[in-house]
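**Student:** This is the structure I want to talk about, given as structure tokens.
Just so you know, all these numbers are worked out from the coordinates, no wet-lab data involved. Small disclaimer: the values here were computed from a predicted structure and weren't measured. Glycine also receives a Cβ, built like all others from the backbone with ideal geometry; neighbour counts cover every protein chain displayed.
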Amino acid sequence: MPSNPSGPAARTETGTTTRRSGSVVRAMVTTLFYDVGLSAIAYFAAELLGANTYIALLAGTAVAGLRVLWVAIRQRRIDPFALFWSSCSARVCC
């Protein structure tokens with residue numbers, strides 16, 4: 001009896017399920033948002049609140065640094081992408 005290929009966990013040619021690949025994509029997008037998006041939001045929020053460019057860049061760098069610390073404490077590992085993004089932001093400010 002053939003299975004329903006359009007079900008929520010339909011198998012692909014590689015044997016993985018579409019639900020699993022969807023959750024992987026969601027996890028990557030969420031991580032990217034936390035690593036890049038929060039620091040960009042902090043920068044633009046500081047700009048909108050009237051801070052000069054240097055202070056706005058410091059705000060974005062501080063948020064990126066806090067993200068690195070949060071991941072390091074919570075997961076007990078250093079996230080290389082967040083560390084790279086934080087160091088790039090710090091170089092712009094200095």
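**Student:** Assuming 0.36 nm per residue, please report the length gained on full extension of the stretch F84 to T30 beyond their Cα-Cα distance.
**Tutor:** Contour length minus Cα-Cα distance gives 17.7 nm.
**Student:** Sticking with this one: Taking R0 as 41 Å, what FRET efficiency do you get between S23 and T53 from their Cβ-Cβ distance, rounded to the nearest 0.05?
**Tutor:** Rounded to the nearest 0.05, the efficiency is 0.60.
**Student:** Another question, if that's okay. In the neighborhood of G60, defined by Cβ-to-Cβ distances under 13 Å, what is the net charge if each Lys or Arg adds +1 and each Asp or Glu adds -1?
**Tutor:** 0
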